[in-house]
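A quick write-up on the structure given underneath.
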Amino acid sequence: MPERLPITLILPAFNEARIIEQVIRDIRQVGNFRIVVIDDGSTDGTAAKVLAMGEQVVRHPLNRGAGAACQTGISLARKYGWPYLAFMDSDGQHFPEDLEGLITTMQAQQADLVIGSRFAGTQNQIPYLRRFFNTAANILTNSFCTHHYTDTQSGFRLLNQRAIAALDLLQDDFSYCSEMIILAERAKLKVAETPIRVRYTDYSVSKGQDFQVGLLTAFHFLWKLIFK
Amino acid sequence: MEIRFFQVVVPLVALLFMANQGLRYRRGRLNLGEALFSGLLWIGVALLAVFPDEISNFVAALFGFKSNTNAVLFLGLGILFYFQYRIYRLQVAQRRAITELNRQLALDRFEKAQAPS
């Protein structure tokens, strides 16, 4: 199982007190990973619940977005010399068991960054609106990439040491997903995808992007690419 | 030529601002580019006040507007968009700085919590 690599699991979280304990329990059932929750300015006691379970928490005093939380995870890995980082959503959407697929792909394809794709192979029940947003984001992101990716917005990712050293995310919001792929390509990193399963619950759908956030995310993404 | 009130006041105000920007440049608070941009902007404002009809007619002819009123209106809109762009850039830079501060603070606190007491 996934313990073959010394992986640190990073869970960016914002007001996930309702579900974070279950997510951590699910991960523990899969393997003995180091788990670090990046609490992005939660006000609902997310950090206290994680600490009570004996896991580590880095607390952003202010809510700055998923991208900022991920970059904090990358900074931590550099500081403490963690060789592999896996990012997973903390809303319970991902299956920790699928991490094995990411590891296998990283090893088989000698990849530096592996993205868990909801649209590659597996028949996931994804809400139509979410599917539409993801398609639009894929078209936008792929137009700046040399390769084609089926899921540019997935938060389930595995990075090796080369990727950890090379990636400096500037996008604070969800557009970090696209930015990470573009930066990885520019840094000549090998990017691969592997199928993952997802479960959309009312809770996880309520936590995701809506039309307004999606538009703003696209605007920020384009702005930083053009006017950087 | 009849001289109207604003044709005296606006150039004087522009002169005042230009002198102020010149002083700020000498004190090192502005770089050359900023000082030149500011100077040109205030010279433009002063000239528009002194020769309002001539300049607005020239702009209208240059861009193909039917009347000089439209030209002034669109010129004003263009300038407003430009300032909006500058304000947004400033906001982006400040957001970035806040994020960096936020992250650094979080990492420092985490490190302290990890250190054996």
Discussion item. Let me spell it out: the conditions are (1) more than 23 Å from A:N124 (Cα to Cα); (2) away from chain B (no Cβ under 14 Å), and A:T201 meets all of them except one. Which number is the exception?
Written reply: (1)
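How do the helices (runs of 4 or more DSSP H) wholly within the range A:122-220 filter down when requiring 2 or more residues that are of a type outside the set (A, V, I, L, M, F, W, C) and under 19 Å from A:A68 (Cβ atoms): which remain? Step through it out loud before you land on a result.
On the way: elements: A:128-142, A:161-166, A:176-186, A:202-207.
Because the criterion is at least 2 residues that are of a type outside the set (A, V, I, L, M, F, W, C) and under 19 Å from A:A68 (Cβ atoms), the helices (runs of 4 or more DSSP H) in the range A:122-220 that meet it are A:176-186.
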Practice prompt. Read through the list (1) out of contact with any strand residue (DSSP E or B) (no Cβ under 9 Å at 6 or more places or on another chain); (2) at pLDDT below 90, then give the number of the only condition that B:Q114 fails.
Written response: (1)
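Checking the structure you have, find out if any residue of the range B:90-101 is under 23 Å from the mean Cα position of the chain (by Cα) and away from every other protein chain (no Cβ under 14 Å).
First pass over the range B:90-101, keeping only residues under 23 Å from the mean Cα position of the chain (by Cα): B:90-97.
Going one step further and asking which of them are away from every other protein chain (no Cβ under 14 Å), we end up with none.
No; the residues of the range B:90-101 include none that is under 23 Å from the mean Cα position of the chain (by Cα) and away from every other protein chain (no Cβ under 14 Å).
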Fill in: Positions within the range A:60-101 being open to solvent by less than 10 Å² (accessible area, probe 1.4 Å) and aliphatic (A, V, I, L, M), in sequence order
A:A68, A:A69, A:I74, A:L76, A:A77, A:L85, A:A86, A:M88, A:L99
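Considering every residue within the range B:56-76, establish whether at least one is closer than 30 Å to A:W223 by Cα, aliphatic (A, V, I, L, M) and under 17 Å from the mean Cα position of the chain (by Cα). Spell out how you get there, then give the answer.
Of all residues in the range B:56-76, those closer than 30 Å to A:W223 by Cα come to B:63, B:71-76.
Within this subset, residues satisfying the condition of being aliphatic (A, V, I, L, M) are B:71-73, B:75.
Narrowing further to those that are under 17 Å from the mean Cα position of the chain (by Cα): B:75.
Yes, the range B:56-76 has at least one match.
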Practice prompt. Check A:F144, A:F219, A:F174, A:F156 and return the single one that is farther than 24 Å from A:Y84 by Cβ, in contact with a helix residue (DSSP H, G or I) (Cβ under 9 Å, 6 or more places away or on another chain) and either modelled with pLDDT of 95 or more or not acidic (D, E) (or both).
Written response: A:F144
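From A:A52, A:A108, A:A77, A:A47, which residue is within 13 Å of another protein chain (Cβ to nearest Cβ) and farther than 21 Å from A:S204 by Cα?
Details: A:A52 fails: within 13 Å of another protein chain (Cβ to nearest Cβ); A:A108 fails: within 13 Å of another protein chain (Cβ to nearest Cβ); A:A47 fails: farther than 21 Å from A:S204 by Cα.
Step by step, each of A:A52, A:A108, A:A77, A:A47 is checked, and only A:A77 is within 13 Å of another protein chain (Cβ to nearest Cβ) and farther than 21 Å from A:S204 by Cα.
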Worksheet item: So which strands (runs of 3 or more DSSP E) are wholly in the range A:30-99 and hold at least 3 residues that are within 23 Å of B:T99 (Cα to Cα) and more than 12 Å from the chain's Cα centre (by Cα)?
Response: A:34-40, A:56-60
Fill in: Enumeration of residues in the range A:193-206 that are surrounded by fewer than 20 Cβ atoms within 10 Å (Cβ to Cβ) and either in contact with a helix residue (DSSP H, G or I) (Cβ under 8 Å, 6 or more places away or on another chain) or farther than 14 Å from A:M88 by Cα (or both)
A:P195, A:R197, A:Y200, A:T201, A:D202, A:Y203, A:V205, A:S206
Item to complete: Run A:E3 past the list (1) within 13 Å of chain B (Cβ to nearest Cβ); (2) modelled with pLDDT under 95 and report the number of the one that doesn't hold.
Response: (1)
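Just checking, which of B:F63, B:F81, B:F51 is open to solvent by 90 Å² or more (accessible area, probe 1.4 Å), closer than 28 Å to B:V13 by Cα and away from chain A (no Cβ under 14 Å)?
Going through B:F63, B:F81, B:F51 in turn, the sole match is B:F81.
The values are calculated or read from the model by the stated rules, or taken from the named source; none is laboratory data. Small disclaimer: the values here were computed from a predicted structure and weren't measured. Note that each Cβ is placed from the backbone with ideal geometry, even for glycine, and that neighbours are counted across all protein chains shown. Ligands, DNA and RNA are stripped out before the accessible areas are found, and what is left, the full protein with its side chains, is counted by its heavy atoms. Shrake-Rupley method; radii C 1.70, N 1.55, O 1.52, S 1.80 Å.
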